[in-house]
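Notes for the one structure printed next.
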Amino acid sequence: MGHKKIRRIDPLTMALPKGGVDSHAHLDGPEFDSDRAVVLERARAVGLAQIGCVFLNPEDFASRKAFFEADSDIFFLLGIHPCEGQRCNDENLAAMREAFNDARLKAVGEIGLDFHWKDCPREAQMLAFTAQLALARKLDRPVALHCREAEEQTLAILETLGFKDYPLLWHCFGGGLKLARRILTNGWHISVPGPVTYKGNAALREAVAAIPAERLLLETDCPYLAPEPWRGTRNEPANTVFTAHAAAAARGQSPEEVWQTCGDNARRFFGL
């Protein structure tokens, strides 16, 4: 018995009015070296007004930001990823401080904790996280948070350091209602990725339905986490429309309303 053929829907057929924002994308990576310009054209064609390109260390930022020199609709985030926590030394922190003289850099991130992978010691991750939180405060920049299989430890650090009501975005949220409520109680924002479209993620859709409209953002985290019907393929910003449609269905709203509201939230959060 053969596998059921997946019907791949062109995201351009799901296009929404211009105003959406993909708040978290890794467009500088080699996955896009062959067709980056075409990917950006598709993103604009589906209604994306801005895209946040996330650089995972200061060296990548210095060498790759020029990819987007002519693309004024791309804004930047910079942080040392928890899986590279051992590289968060005085030299790299100084390079990050210097990098934030670039007006297109809008947030420190993604930073946080990732206990899924075992190749970066937890102690190094926690030291890198706290050092970059201090840097964000010093720079007066929002934080884009990465948290994987480390929710309690992440929340404990943020709450202990007094980050309640600080402009913080819980990137790539994949939890349920209980975690969402804890995040919201702290005054933070939540960004929803493509897995909200997956059939088995009813708990995530329940949480998305309960997030106040003014705290919700959309993202791809591309090239990872492609939504249905492109699951398992390289993700790209144009696919944000599928996430918007799924979030809208969960919330009982129109895709157009969710798209515009989430876009406005991103513009306000990042100061675009």
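The values are calculated or read from the model by the stated rules, or taken from the named source; none is laboratory data. Everything numeric here is computed off the predicted structure, so don't read it as measured data. We place every Cβ from the backbone using ideal geometry, glycine too, and count neighbours over all the protein chains shown.
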(Q) So, in the stretch 131-146, how many residues would count as being of a type in the set (Lys, Arg) and surrounded by 18 or more Cβ atoms within 10 Å (Cβ to Cβ)? (A) 1
(Q) Where the second residue is of a type in the set (A, V, I, L, M, F, W, C) and the first is in a helix (DSSP H, G or I) and lies in the stretch 94-110, which pairs have Cβ atoms under 6 Å and are six or more apart or on separate chains? (A) ALA99/PHE61; ALA99/LEU78
Q. Can you tell me which residues in the stretch 182-194 are in a helix (DSSP H, G or I), surrounded by fewer than 21 Cβ atoms within 10 Å (Cβ to Cβ) and touching an Asp or Glu at 6+ places or on another chain (Cβ under 9 Å)?
A. ARG182
Q) Could you list, in sequence order, the residues of the stretch 195-219 that are within 17 Å of the chain's Cα centre (by Cα) and among the hydroxyl-bearing types (Ser, Thr, Tyr)? A) THR197
Q.
I'd like the full set of residues that are of a type in the set (D, E, K, R), assigned to a loop (DSSP other than H, G, I, E, B) and either touching a Leu at 6+ places or on another chain (Cβ under 7 Å) or within 26 Å of ALA202 (Cβ to Cβ) (or both), limited to the stretch 121-179.
A. GLU149
(Q) Every residue in the stretch 219-233 that is without any contact (Cβ under 8 Å) to a residue 40 or more places away in the chain and of a type in the set (A, V, I, L, M), please. (A) ALA226
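Let's see how each residue does on (1) surrounded by 17 or more Cβ atoms within 10 Å (Cβ to Cβ); (2) among the small types (Gly, Ala, Ser); (3) within 18 Å of the chain's Cα centre (by Cα); (4) farther than 23 Å from PHE270 by Cβ:
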position	(1), (2), (3), (4)
HIS81	yes, no, yes, no
MET96	yes, no, no, no
ASN101	no, no, no, no
PHE129	yes, no, yes, no
LEU161	no, no, no, no
TRP170	yes, no, yes, no
LEU177	no, no, no, yes
ALA180	yes, yes, yes, no
Q. Out of (1) outside any helix (DSSP H, G or I); (2) among the β-branched types (Val, Ile, Thr); (3) under 20 Å from CYS147 (Cβ atoms), what's the single condition that is false for VAL208?
A. (1)
Q) Would a scan of the stretch 19-26 turn up a residue that is exposed (fewer than 12 other Cβ atoms within 10 Å of the Cβ), touching a residue at least 40 places away in the same chain (Cβ under 8 Å) and under 21 Å from GLY232 (Cα atoms)? A) no
Q) Given PHE76, PHE61, PHE68, PHE115, which one is farther than 30 Å from GLU257 by Cβ and at pLDDT 95 or above? A) PHE61
Q. Among the residues of the stretch 197-217 satisfying the criterion of being surrounded by 14 or more Cβ atoms within 10 Å (Cβ to Cβ) and touching a strand residue (DSSP E or B) at 6+ places or on another chain (Cβ under 9 Å), which is nearest to ARG267 (Cα to Cα)?
A. LEU217
Q | Test for GLU236: is it farther than 21 Å from ASP165 by Cα, charged (D, E, K, R) and more than 18 Å from the chain's Cα centre (by Cα) | A | no
Q | Single residue of GLN125, GLN86 found to be buried (at least 24 other Cβ atoms within 10 Å of the Cβ) and of a type in the set (S, T, N, Q) | A | GLN125
